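Let me begin by presenting the structure, written as structure tokens, before commenting on it.
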Amino acid sequence: MTERPTPTCEQIIDIIPDPFVVIDRNYRIVAANRNYRERYGLNPEDVVGRRCHEVSHHSDVPCSQLGEHCPLDEVLISKQATQAMHLHYHADGQQEYVQLHASPLLENGEVRYIGETIFPVTPPEGDGDDLLIGRSRPLLRMMSLLQRVAPTQTTVLLLGESGVGKEQVAKYLHRYSRRNDRPFVVIDCGALGESLIESELFGHEKGAFTGAVQRKKGLFEAARGGTLFIDEIGELPLPLQTKLLRALETGGIRRIGGTDYLQMDVRIVAATNRDMKQLIAEGRFRQDLYYRLSAFPIEVPALRARKDDVPMLAEYFLHRIDQGERHTPLAPEVIETLLSYDYPGNVRELRNIIERAVILAGGAALASEHFKFESGEGTAAQRVPLASSVERRNRRLDAVRIREALSQADGHRARAAEILGVSERTLYRHLVKLQLPDLPVEPDTDCH
């Protein structure tokens, strides 16, 4: 009897309909299916033997050193499957969010490899890149936590100062959750009185109180199947805290004036800029509700803690202002001015400062004198450590500088943008404007 040949590893994994790779303990790719190669525009010889972070992140170091959650590291420790959200580069050099499912491949009880399936995430509206702007370490550390909790149903409590962008973080959680095709609903407890909050959250029946001329559905019902973002949860009155706790524990709500409980399938994301433990100590917030809400607390960093993101944020706001894009890339003295201030009002204050500067500049180029800060200018001592950030932008972008940076970065646009001190989007716009093709990416021969 003729022995039938057994299928190879490559033949087997090519059956998998999504991008799939096998990675060893040292981050090296030992096998990649056809869908992975097509997604990332690579031949087999350009993939096998290279490190996963080089291919998908265009980085010389593992993603854990960039603030992201590394599935390989976790699987090696736990010997259990895990999942994460990551930011990858696909074939045309653009970034996309993907969900990774990593499973251990054991040999004698030890993890020898992991099998990683990659599910590109396509949000229902836009690409989501404008939700969280920046690549600073504090922001990446927070994003690593968000990537881990987004696919789950866990309640999240966002902590941070006013103006840091907690609502943007909540939108990010929703966009990359399994509920992203359902509603994202917001209620601000700090902007409503007690009676209005109750009616807004839970709804009311016709005749429940004076003026209730018809039945009204509350925001719990409006968010059914999706995410309810409760902002300024620390301002929620005590009587409503009890009602909210019951809703969280039972999944049911009752409209004002109603008798029946309605079951809700809603994920709760809450946020506050208050010291919750102090509120509990003062008897102004229920401890049991706090523990229920803080199943997964996340601290949203203040802008002064992620100064490296200021230039990118400033450019982002400029691109959203009519005629603002012509002011990018920002001049070195403008960058230095922006970096010298601590932004007590955080991202919200930076946005206002940029808008005001564009108005003051009129038709002229943006200059330091157009930036007015509420609490005074930064000190010279603050400016000293910022020199390296400014030096990378010490000249306007031109064809020569761009070609030099792309050459230094072996054609990797993200690395070239970092060398130039601008966002990748800004570099891409200049490539188009100057009609410069990207230089070809040279294979990293050290990894074969």
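Coordinate-derived values only; no laboratory data. Remember, predicted model here, so these are calculated numbers, not experimental data. Reconstructed Cβ throughout: ideal geometry from the backbone, glycine too, with neighbour counts over all protein chains shown.
Which of S368, S340 has the fewest other C-beta atoms within 10 Å, and how do the rest follow up to the most?
Details: S368 15, S340 21.
By the 10 Å Cβ count, ascending: S368, S340.
Loop only per DSSP, at most 13 neighbouring Cβ atoms within 10 Å: give me the trypsin sites (Lys or Arg not before Pro) in the stretch 158-192, ordered by residue number.
Details: sites: K166, K171, R175, R178, R179; in loops: R178, R179.
Of the trypsin sites (Lys or Arg not before Pro), the ones in loops of the stretch 158-192 whose Cβ has at most 13 other Cβ atoms within 10 Å are R178.
Would you be so kind as to identify which of S144, I298, G163 lies farthest towards the positive end of the dipole of the stretch 137-299, taking Lys and Arg as +1 and Asp and Glu as -1 on Cβ and the Cα centre as origin?
After comparing all options, I get S144.
Under the classification rounded if a/c is under 1.5, otherwise prolate if a/b is larger than b/c and oblate if not, where does the stretch 9-120 fall, given a ≥ b ≥ c as square roots of the Cα gyration tensor eigenvalues?
Values: a/c = 1.56, a/b = 1.16, b/c = 1.35.
Since a/c reaches 1.5 but b/c is at least a/b, the shape of the stretch 9-120 is classed as oblate.
Quick check for me: using +1 on Lys/Arg Cβ and -1 on Asp/Glu Cβ, what's the dipole size of the stretch 178-308 about its Cα centre, in debye to the nearest 20?
280 debye
For the stretch 298-338, what class follows from the C-alpha gyration tensor (a ≥ b ≥ c being the square roots of its eigenvalues): rounded when a/c is under 1.5, otherwise prolate if a/b is larger than b/c, else oblate?
Details: a/c = 3.84, a/b = 1.59, b/c = 2.42.
In terms of gyration-tensor shape, oblate.
Can you tell me the dipole magnitude for the stretch 9-120 around its Cα centre, using point charges on the Cβ only (Lys, Arg +1; Asp, Glu -1), in Debye to the nearest 20?
Here the stretch 9-120 has a charge dipole of around 140 debye.
Under the definition of Cα pairs under 8 Å and six or more residues apart, what whole-number percent is the relative contact order of the stretch 9-120? Write out the running numbers ahead of the final one.
Details: 223 pairs, mean separation 28.4, N = 112.
About 25 percent, as a whole number.
Label the stretch 195-240 by shape, choosing from rounded, prolate and oblate, from the square roots a ≥ b ≥ c of the eigenvalues of the Cα gyration tensor; if a/c is under 1.5 it is rounded, and otherwise prolate applies when a/b is larger than b/c, oblate when it is not.
Oblate shape, in that a/c is at least 1.5 and b/c is the bigger or equal ratio.
Take every Cα pair under 8 Å in the stretch 301-359 that's 6+ residues apart, average their separations, divide by the length, and report that relative contact order as a whole percent. Can you show the working numbers first?
Working: 38 pairs, mean separation 26.5, N = 59.
So the answer I get is 45 percent.
Expressed as a whole number of Å, what is the distance separating the alpha-carbon centroids of the stretch 158-201 and the stretch 214-288?
12 Å
Within 10 Å of each candidate Cβ there may be at most 13 other Cβ atoms; applying that plus a DSSP loop requirement, which chymotrypsin sites (Phe, Trp or Tyr not before Pro) in the stretch 161-233 survive?
Sparse-neighbourhood loop chymotrypsin sites (Phe, Trp or Tyr not before Pro): F209.
If you find the alpha carbon centre of the stretch 293-363 and of the stretch 13-47, how far apart are they in angstrom?
Result: 39 Å between the Cα centres.
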